[in-house]
């Protein structure tokens, strides 16, 4: 091979040593944190001369193989590969064990070559993370045997390595000459692109507030791709909050692709979709005895993988087509191809979640990664959700009634602990249908957590021994229990524990993350550069603090292409939407909306803080102004109904749509031109005043000294600005926003509104 190609030991063995069925019955595997702690536990038990995390490397015909062996005992001449697990080892599939042996053999070959050893003892150390018990499997091997094995693995990988080295060379050459696909940048777009390029070039993170209409997607993708060869980036990830964001990214990449010469085409693009969206057999379990696309998965993977990289463009539809042509699961096929794609488009959980695929691959393969996060104002709440978990007593009781007898013992123990927690919280006679009772717990219920851990281990063992009795509900309970227990192990000041009782046998125990920074800071440090962009990223300190961004992260505001003359902003300072004033506020709000509609008929959106508030205003409006067309968002609105709601906003149409602030129609929708000419916002969007938010306020105040701002005012105003942003979508649009609350006149609130708005003097 003319050029050197580097590969990690794990990646090499994943490529060469896996065979047979896709089978996850021996999982879920312990978390990354549990794995790290398990490795530390094992190495701490070894003697004084023991070497942990031993770096090793070797070469074969232009292929450089690198990695870190888990541990080496020079006295015993024993090399160890440590694997953490749950449940009985007897359930481990033979192909999994073969992969582990392949890894330790490659490490053994590298170690023998480096230290001139003639032979060595290879040991697989399996640590049960529940009991702390080690199971050791050992074999002696000569250096010659190991070198022969190493050579055989390398030869199997060499042709692929040559292909990948050539691909990277062509990719980088093409990106060196990448051209912007349009004749000129939009106003503000060049400034955004320059800031992103600087962040990528200096290896820093960036907070970029950029208004709608400047082409943020292309304005971030283009400079990051331009920086890719210059900064030797291995992968770029474009991460979104919702499916439409993925579509926008793919459209922008397609535009870039179409505008370049043939020499600049080698970029491999992969769209990752959720498991429930990609699964072809949702009623089947993920193993070869149940799903035909799991049977022989790894045997068919090489041909499918080759076909996929030749295709290059792998959005959801193309990926599925290649997968089914080779009879492999589209979802897990996409997970495999994430190792070989240049540009990955997917959800934010692929980098920021505790089991994030891309972050895990980047760490294992030492990738230099550029990360772009769209609609980043949502990341605080999304990350809180990623690091929160619940146990549902009602669902647990339902599963318990139909569960196998073999699980009766651990399920019974968990049921008793549920009762104890409810009793200790003094909720036995509290809560009912529609009137839940809520308590913050001062400490974790350790006995319940231990019982949940036992349930997880018992279900894991049972499903391994009785795969034919696998049920979706039993799997869901398993995942729920394990997720809860893993977060319980990391419980600290960044989270709280609460219980909500809806009636007898209907309690929910929650672990709620409050400060995502404690989990996310490592994710920002693991990337070469992370660019967070949105139309609402103000104030910067809110995101720096809560997300855990590096201290040197700059904040940039792209000058809006819109002018104040395009958007009339009025503040009704004589109206209060505080809870005590709700009833009195409805009549003047309805009058304001009707007056504006009569002044300029067209399509408007009116946003309220709750469905109850919305319904009261809607009923009053219908009675007072029957001639004005109105339509409304409803509770639990299905997708078809949401689409019908948006379809009402036709060019030249008229009517007022009533919606909830922060809901489906308050952000992420595009109604340009006269499809929407105004918005009425009847709230500051403040989260409700309750025990949880007051506990959040206290915790944020203790950490940052800004409890009220970080809990109430800033999150509320983000929703307001997002909703108002639906009105002006292009430089040609004109419209009006009416802010109906006296608090909008306060300086502290006005400072959180877009700088290009002309607010003037608040008026009744």
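The values are calculated or read from the model by the stated rules, or taken from the named source; none is laboratory data. All values reported here derive from a predicted model rather than from experimental measurement. Cβ: placed from backbone, ideal geometry, glycine included. Neighbour counts: every protein chain shown.
Scanning the range 489-518 for residues being within 24 Å of residue 711 (Cβ to Cβ) and part of a helix (DSSP H, G or I) gives a total of 2.
Quick check on my filter: what residues within the range 592-619 are loosely packed, with under 15 Cβ neighbours inside 10 Å and more than 24 Å from residue 718 (Cα to Cα)?
Our first condition is that a residue be loosely packed, with under 15 Cβ neighbours inside 10 Å; within the range 592-619, this holds for 595, 598-601, 610, 612, 619.
Within the range 592-619, 595, 598, 599, 600, 601, 619 meet the criteria.
Scanning the range 676-692 for residues that are modelled with pLDDT of 95 or more and touching a helix residue (DSSP H, G or I) at 6+ places or on another chain (Cβ under 9 Å), we see that the one that is farthest from residue 545 (Cα to Cα) is 678. Let me confirm something: among 256, 248, 267, 218, which residue is modelled with pLDDT of 95 or more and in the same structural domain as residue 377 (by TED's automatic domain parsing)? On inspection, the qualifying residue turns out to be 218.
Listed conditions (1) within 25 Å of residue 442 (Cα to Cα); (2) touching a strand residue (DSSP E or B) at 6+ places or on another chain (Cβ under 7 Å); (3) assigned by TED's automatic domain parsing to the domain that holds residue 232 are all met by residue 483, apart from (3).
Residue count for the range 236-258 under the criterion of being over 23 Å from residue 378 (Cβ atoms) and touching a helix residue (DSSP H, G or I) at 6+ places or on another chain (Cβ under 9 Å): the result is 3. Scanning the range 271-302 for residues that are under 22 Å from residue 13 (Cβ atoms) and not in a loop (DSSP other than H, G, I, E, B) gives 287, 297, 298, 299, 300, 301, 302.
Quick grid of which residues meet (1) at pLDDT 95 or above; (2) touching a strand residue (DSSP E or B) at 6+ places or on another chain (Cβ under 9 Å); (3) crowded, with 17+ Cβ neighbours inside 10 Å; (4) assigned to a loop (DSSP other than H, G, I, E, B):
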residue	(1), (2), (3), (4)
114	yes, yes, no, no
138	yes, yes, no, no
152	yes, no, no, no
157	yes, yes, yes, no
165	no, yes, yes, no
169	no, no, no, no
179	no, no, no, yes
197	yes, no, yes, no
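Only residues that are surrounded by fewer than 18 Cβ atoms within 10 Å (Cβ to Cβ), in contact with a strand residue (DSSP E or B) (Cβ under 8 Å, 6 or more places away or on another chain) and in contact (Cβ under 8 Å) with a residue 12 or more places away in the chain: list them for the range 620-629, please. Answer for the range 620-629, where residues must be surrounded by fewer than 18 Cβ atoms within 10 Å (Cβ to Cβ), in contact with a strand residue (DSSP E or B) (Cβ under 8 Å, 6 or more places away or on another chain) and in contact (Cβ under 8 Å) with a residue 12 or more places away in the chain: 628, 629.
In the range 679-758, counting only helices (runs of 4 or more DSSP H) that sit wholly within it, the ones holding 1 or more residues that are under 28 Å from the mean Cα position of the chain (by Cα) span 691-704, 714-724.
In the range 217-247, what count of residues is obtained for those that are under 20 Å from the mean Cα position of the chain (by Cα), assigned to a helix (DSSP H, G or I) and crowded, with 18+ Cβ neighbours inside 10 Å? Outline the logic, then answer.
Of all residues in the range 217-247, those under 20 Å from the mean Cα position of the chain (by Cα) come to 217, 220-221, 235-247.
Restricting the remaining residues to those that are assigned to a helix (DSSP H, G or I) gives 217, 220-221, 243-247.
Now narrow it down to the ones that are crowded, with 18+ Cβ neighbours inside 10 Å: 217, 220-221, 245-246.
Of the residues in the range 217-247, 5 are under 20 Å from the mean Cα position of the chain (by Cα), assigned to a helix (DSSP H, G or I) and crowded, with 18+ Cβ neighbours inside 10 Å.
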